[in-house]
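Q: Okay, handing you the structure first.
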Amino acid sequence: MNSELIDQLQLGVNGLPYQIPIHPNFVHLTLGLFIVAIGFDIVGVLFPLEKPVFKLLAIPATRSNFFDVG
C-alpha cells in the first residue's frame with residue numbers, strides 16, 4: 001500500500017482504527033456475560049445430578065438460584 005495513505009489515517013492506541021478503545025470492552029464483556037449466563041442455566045438444569053457434589057463441598061445451593069444468576 002501507499003505509505004502516504006497510511007500516514008493520513010488517524011489511528012488510535014496500538015494502531016487500531018478507533019481513537020478510544022472501548023469497542024473491545026463492550027464486545028468481550030457482553031460475550032463473557034452471555035457465556036456465563038448459559039453456563040449457569042446448564043448447571044441449573046443438571047442440578048439434580050450435581051446435588052451430591054454441592055453437599056460434599058458444603059456449598060448451599062438451590063436450583064432456582066442458578067436460574068436467577070443466569
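The values are calculated or read from the model by the stated rules, or taken from the named source; none is laboratory data. All figures in this text were calculated on a predicted structure; none of them were measured in a lab. Positions of Cβ are backbone-derived with ideal geometry, glycine not excepted, and every protein chain shown enters the neighbour counts. Areas reflect the complete protein model, heavy atoms only, side chains present, ligands, DNA and RNA absent. Shrake-Rupley method; radii C 1.70, N 1.55, O 1.52, S 1.80 Å.
Q: Roughly how many Å is it from the Cα centre of the range 55-70 to that of the range 1-35, as a whole number?
A: A separation of 39 Å, based on Cα centres.
Q: If you don't mind, there's one more thing I want to ask. Full-extension gain between F67 and N2, please, as 0.36 nm times their residue separation minus the C-alpha to C-alpha distance.
A: Length difference between fully extended and current span is 17.9 nm.
Q: Here is a further query. Would you compute, from DSSP H runs of 4+ residues alone, the mean residue ellipticity of the chain at 222 nm, taking -39500 (n - 2.57) per run and dividing by the full residue count, rounded to the nearest 500?
A: -20000 deg cm²/dmol
Q: Give the span of the chain's Cα atoms along each principal axis, as three whole-Å numbers ordered largest to smallest.
A: Largest to smallest, the principal-axis extents are 66, 19, 18 Å.
Q: F26 versus K51, label points 7 Å from Cα toward the beta carbon: distance in nm?
A: The answer from the label model is 4.4 nm.
Q: If you don't mind, another one. With every protein chain kept in place and ligands, DNA and RNA left out, what is the accessible area per residue of the chain? Probe 1.4 Å, answer in Å².
A: With all protein chains present, the chain gives 85 Å² per residue.
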